[in-house]
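Just so it is clear, none of the values below were taken in a lab; they were calculated from the coordinates. What you see is a predicted model, and the numbers here were worked out from it, not measured in a lab. Glycine also receives a Cβ, built like all others from the backbone with ideal geometry; neighbour counts cover every protein chain displayed.
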Amino acid sequence: MKMRLLAGMAAFLAVTPVWATEPCDLHLVDFGLYAGNVVQNAGKDATGNDLKELSQRHLLRRTEGIPASKGVEFGIEYVAFSTDSNQKIKLTLELTHPPVTDPKTKQTSSSETWEKEITPGVKFQSGFGFDQDWEVVPGPWTLKITSGCRNTLEKTFAVHKP
């Protein structure tokens with residue numbers, strides 16, 4: 001299972017993070033079906049799933065209805081605003097979904113969690129791509145983003161048979 005870290009330009013900056021201590025707000029910019037190209041591996045999430053950095057991503061269609069088909073990518077775009085734009089904001093992202101079972105490892109999961117650092121004022125994207133047939137499971141798929149900000153972002157997609 002590959003989580004999609006759909007990153008903005010700031011993800012490529014090699015800066016020692018200074019975590020935001022000032023209040024911040026997360027804002028949903030857009031959501032739906034996306035297309036993009038894998039640029040590089042970005043490590044693994046807490047359960048060992050591959051994370052990928054993507055670029056040249058664009059919104060194909062704003063929708064909460066996602067066709068359950070291999071190759072489909074969906075997610076959200078968001079931005080954080082803070083009174084101190086020089087400090088990074090540490091996010092925890094959780095994707096919950098119907099149970100999926102990896103046929104190689106026989107492991108079943110219904111959620112994945114990973115962390116991400118963002119820069120205030122820069123638009124970022126996060127989401128998921130159906131890369132394997134066994135990942136394609138209809139039902140509610142919810143992406144939740146928490147941080148030290150005043151609010152939490154949460155978006156549920158209705159993955160359905162095409």
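Which pairs in the list K104/K144; K70/K90; K70/K144 are over 25 Å apart, alpha-carbon to alpha-carbon?
Correct reply: K104/K144; K70/K90.
Mind checking the full-extension length gain between V29 and N151? Use 0.36 nm per residue of separation minus the Cα-Cα distance, one decimal, nm.
Working it through step by step, the gained length comes to 42.5 nm.
Under 20 Å from a label point 7 Å along Cα→Cβ of T96: give me every residue in the stretch 124-151 with its amide N that close.
Correct set: 126-129, 136-149, 151.
With each label point set 7 Å from Cα along the Cα-Cβ vector, what nm distance links K106 and T83?
Going from the K106 label point to the T83 one covers 5.6 nm.
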